[in-house]
Amino acid sequence: MLDITLLRKDLAGAVARLETRTSPQVFLDVETFSRLEAERKTIQMRTEELQSQRNTLSKQIGQLKARGAAGQAEADAAMASVAGIKDELEASAKRLEALQAELQSLLLAVPNLPHDSVPVGEDERGNVVARSWGTPKAFDFPIKDHVDLGEPLGLDFGLGVKLSGARFTVMKGPIARLHRALAQFMLDVQTQEHGYTECYTPYIVNADTLRGTGQLPKFEGDLFAAKKGGQGGEASETAALYLIPTSEVTLTNFVRDEVLPESALPIRLTAHTPCFRSEAGSAGRDTRGLIRQHQFDKVEMVQIVHPDTSYAALEAMVGHAEAILQKLGLPYRVMSLCTGDMGFGASKTYDLEVWLPAQNTFREISSVSNCEAFQARRLQARFKNAQGKNELVHTLNGSGLAVGRTLVAVLENYQNADGSISVPPALQPYLGGLSVITA
């Protein structure tokens with residue numbers, strides 16, 4: 001959530017920065033915001049005026065009563081005025097509370113401001129290549145995609161549809177083992193080499209948790225609800241629960257409503273979890289294979305840091321994701337996302353895109369973002385700074401990596417003419433020394 005003080009000081013400047021995001025979508029209802037703010041100011045000024053009057057009258061009442069019967073009539077009148085002021089102050093307090101709630105609701109729908117270093121653009125065409133690594137392999141035989149390669153190895157799309165529906169998949173045998181090995185390898189690298197603490201978190205969370213990281217209320221349509229049964233089998237709306245779209249949600253919420261000692265920063269957390277997304281608005285896109293599923297696995301990285309170090313942490317986290325791809329020998333490129341292609345809560349984002357031979361293109365495999373204080377403000381996640389004052393932390397998140405998409409990349413980049421898959425050397429210890437996977 002944006003700092004309302006910033007909007008009060010420079011509304012036009014904030015709106016101008018917001019408008020560099022996807023145009024012509026309106027992110028902030030300026031007219032409503034201005035109207036609510038004007039009323040808030042009026043009420044607060046009137047409140048201060050009434051409090052001053054009440055204080056003056058209270059002093060007068062004491063003086064008048066000291067005069068005895070001669071001042072009693074004036075004292076009674078002053079006391080009546082104080083009672084009237086009390087009623088008006090109570091009414092003002094109720095209206096001010098309602099205004100604050102309306103402003104809060106308004107701001108919950110407003111995305112983060114892009115950092116000044118973010119390239120301006122309307123969509124992915126405005127993204128900028130920051131760097132690339134590796135050279136795509138030249139094959140001397142017809143390339144197969146991961147679907148044709150994976151099915152003989154236990155990748156079963158039909159069974160996924162039978163059990164759950166479209167965009168669900170079952171893995172059996174060699175492919176399931178390779179998928180598990182990838183996740184374990186990623187966790188080991190992030191914990192042993194990059195200093196993250198491995199966590200196991202719930203896969204189902206409440207609305208407050210999703211509100212804290214920005215998925216609610218704006219993106220409820222992208223979530224899978226897991227309604228809790230009430231009396232008579234009816235759903236209980238007060239206990240609305242949701243499947244996590246990423247463990248960024250749970251890991252970042254570790255610090256919700258906390259005041260951390262400055263010495264506790266930075267906090268680095270990682271978890272391997274399934275992720276559940278409805279993929280609303282993606283009908284017809286990537287319908288073949290594992291690229292866009294309702295359920296997929298991811299090893300997530302989250303950092304909670306001091307505001308002064310968040311952009312250094314962002315660069316480091318991109319490197320932590322790159323390390324996985326480099327150890328696996330997978331060609332990739334790092335993209336600096338433009339204003340029109342960034343996520344709702346991000347101030348700056350880098351995407352890592354891995355080379356997929358069958359598509360003859362790069363596809364996203366990790367997204368790493370600095371949210372600055374945007375999530376922390378929702379979460380009320382703070383630390384006590386050197387001056388002893390509470391200050392909002394900065395939060396960052398990124399994939400280290402998406403396991404399913406990494407599986408796709410390994411299958412396609414390490415395929416052999418006979419349909420077998422060579423195992424990258426970094427993964428062989430996780431597969432008992434196996435160097436080739438065959439049906």
Checklist entry - Condition test on Phe27, is it surrounded by 11 or more Cβ atoms within 10 Å (Cβ to Cβ), among the hydrophobic types (A, V, I, L, M, F, W, C) and either in contact with a Pro (Cβ under 6 Å, 6 or more places away or on another chain) or in the same structural domain as Thr213 (by TED's automatic domain parsing) (or both)? => result yes
Item to check | Residue count for segment 352-381, restricted to those that are hydrophobic (A, V, I, L, M, F, W, C) and closer than 28 Å to Arg288 by Cα | outcome: 8
Item to check | Close pairs (6 angstrom Cβ cut-off, 6 or more residues apart or separate chains): within 17 Å of Ala373 (Cα to Cα) in segment 97-117, of a type in the set (Phe, Trp, Tyr) anywhere | outcome: Val110/Phe27; Pro111/Phe27; Pro111/Phe344; Asn112/Phe374
Next on the checklist: Between Leu407, Leu392, Leu401, which is more than 24 Å from Thr361 (Cα to Cα), surrounded by 15 or more Cβ atoms within 10 Å (Cβ to Cβ) and assigned by TED's automatic domain parsing to the domain that holds Pro261?
Outcome noted: Leu392
Checklist outcome for this item: From the option list Leu187, Leu149, single residue qualifying as in contact with a His (Cβ under 7 Å, 6 or more places away or on another chain), among the aliphatic types (A, V, I, L, M) and in a helix (DSSP H, G or I) is Leu187
Item to check | Filter result (in a helix (DSSP H, G or I) and either in contact (Cβ under 8 Å) with a residue 40 or more places away in the chain or not assigned by TED's automatic domain parsing to the domain that holds Ala271 (or both)) within segment 190-207 | outcome: Gln190, Thr191
Checklist entry - Would you call Thr169 assigned by TED's automatic domain parsing to the domain that holds Val318, in contact (Cβ under 8 Å) with a residue 24 or more places away in the chain and surrounded by fewer than 18 Cβ atoms within 10 Å (Cβ to Cβ)? => result no
Checklist entry - Which of the residues that make up segment 43-102 are in contact with a helix residue (DSSP H, G or I) (Cβ under 9 Å, 6 or more places away or on another chain), over 26 Å from Ile4 (Cβ atoms) and among the hydroxyl-bearing types (Ser, Thr, Tyr)? => result Ser58, Ser81
Next on the checklist: Among the residues that make up segment 105-128, is at least one of them of a type in the set (Ser, Thr, Tyr) and touching a helix residue (DSSP H, G or I) at 6+ places or on another chain (Cβ under 6 Å)?
Outcome noted: no
Checklist entry - Scanning for something of a type in the set (D, E, K, R) and closer than 27 Å to Gly319 by Cα, does segment 136-152 turn up at least one residue? => result yes
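Residue-by-condition table, conditions (1) touching an Asp or Glu at 6+ places or on another chain (Cβ under 6 Å); (2) exposed (fewer than 15 other Cβ atoms within 10 Å of the Cβ); (3) not in a helix (DSSP H, G or I):
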| residue | (1), (2), (3) |
| --- | --- |
| Ala91 | no, yes, no |
| Ser105 | no, yes, no |
| Leu113 | no, no, yes |
| Ser117 | no, yes, yes |
| Arg125 | no, yes, no |
| Ile143 | no, no, yes |
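The values are calculated or read from the model by the stated rules, or taken from the named source; none is laboratory data. A quick note: this is a predicted structure, and the numbers were derived from the prediction, not measured. A quick note on method: Cβ atoms are made from the backbone with ideal geometry, for glycine too, and the neighbour counts reach across all protein chains shown.
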